[in-house]
Amino acid sequence: MTPNANANTDAAATTTATMPSFAKPTLLQSTALGGASAVFAVNFTHPIELVKSRVQISQQGIMHTCSATFRNEGLMAFWKGLPFAYFREGSNTAIRLGAYAPVRDAMGANAPGAPVYLKFVAGALTGAVGSMAGNPFDVLKTLAQINRGKSVPAFELVGRMY
């Protein structure tokens, strides 16, 4: 063995020995982390969602919708309904992503030899609960997005929903 090889082996052993070990997140921590990541991401995807919703309603093209929205309502119009998107992602994705691993583990689906269908059931369960929690906010978000002109207060949008 060359002296260089020993130095590399010693460095790897030292690096591995000094790395901290992290505890597995709790259900609450996992859910909060999943929701926080989705809320951060929605800041970037929301303008695309707004354009998609308006194209579906108006039957106009993407470029026409973007230019008309910018010309008539300004740049900030692309973020109409963002608070509802935060609640949608914060509830839906937090439950779907954050609760999946703890629910899977609680069901024993991660144990060696556990049947694969248990993972499917865990995903279906957390996905269904997440969708139910996020759906009302998704409807409010879409109503806010397709509203052209001045923003509509939340209580009025809730009234339109029912």
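The values are calculated or read from the model by the stated rules, or taken from the named source; none is laboratory data. It should be emphasised that the depicted structure is a prediction, and the values quoted were computed from it without experimental measurement. Methodologically, a virtual Cβ is constructed for each residue, glycine included, from the backbone with ideal geometry; neighbour enumeration extends over all protein chains shown. These accessible areas exclude ligands, DNA and RNA; they are computed on the full protein's heavy atoms, side chains included. Shrake-Rupley method; radii C 1.70, N 1.55, O 1.52, S 1.80 Å.
Some points to look at:
- Qualifying position, being open to solvent by 40 Å² or more (accessible area, probe 1.4 Å), within 26 Å of Ser30 (Cα to Cα) and aliphatic (A, V, I, L, M), among Ala154, Ala111: Ala111
- Scan the stretch 52-75 for residues that are assigned to a helix (DSSP H, G or I), more than 30 Å from Thr126 (Cβ to Cβ) and either over 23 Å from the mean Cα position of the chain (by Cα) or not basic (Lys, Arg) (or both) and the total you get is 16.
- Look at the stretch 34-46: where a residue is touching a residue at least 24 places away in the same chain (Cβ under 8 Å), no partner that is part of a helix (DSSP H, G or I) and surrounded by fewer than 15 Cβ atoms within 10 Å (Cβ to Cβ) sits 6+ places away or on another chain with Cβ atoms under 8 Å.
- Residue in the stretch 23-30 that is touching a helix residue (DSSP H, G or I) at 6+ places or on another chain (Cβ under 7 Å), hydrophobic (A, V, I, L, M, F, W, C), farther than 30 Å from Ser151 by Cα and not in a loop (DSSP other than H, G, I, E, B) present: yes
- Residue within the stretch 54-74 that is at pLDDT 90 or above, crowded, with 16+ Cβ neighbours inside 10 Å and within 18 Å of Leu157 (Cβ to Cβ) present: yes
- Contact map, the stretch 126-154: first residue among the hydroxyl-bearing types (Ser, Thr, Tyr), second residue open to solvent by 50 Å² or more (accessible area, probe 1.4 Å), Cβ cut-off under 7 Å, separation 6 or more or different chains; pairs are Thr126/Arg96; Thr126/Tyr100.
- In the stretch 114-128, residue nearest to Phe84 (Cα to Cα) [restricted to those that are open to solvent by 80 Å² or more (accessible area, probe 1.4 Å) and assigned to a helix (DSSP H, G or I)]: Leu125
- Residue match in the stretch 121-128 (condition: under 19 Å from Glu89 (Cβ atoms) and at pLDDT below 90): no
- Within the option set Phe22, Phe78, Phe87, being more than 23 Å from Met132 (Cβ to Cβ), open to solvent by 50 Å² or more (accessible area, probe 1.4 Å) and either aromatic (Phe, Trp, Tyr) or within 10 Å of the chain's Cα centre (by Cα) (or both) holds for one residue only, Phe22.
- Failed item in (1) assigned to a helix (DSSP H, G or I); (2) open to solvent by 40 Å² or more (accessible area, probe 1.4 Å); (3) at pLDDT below 90, with Asn43 passing the rest: (3)
- Residues of the stretch 129-151 that are open to solvent by 50 Å² or more (accessible area, probe 1.4 Å) and either on the phi > 0 side of the Ramachandran plot or at pLDDT below 85 (or both): Ile146, Arg148, Lys150, Ser151.
- Selection from the stretch 90-108 of residues that are in a loop (DSSP other than H, G, I, E, B) and either over 14 Å from Leu33 (Cβ atoms) or open to solvent by 40 Å² or more (accessible area, probe 1.4 Å) (or both): Met107, Gly108
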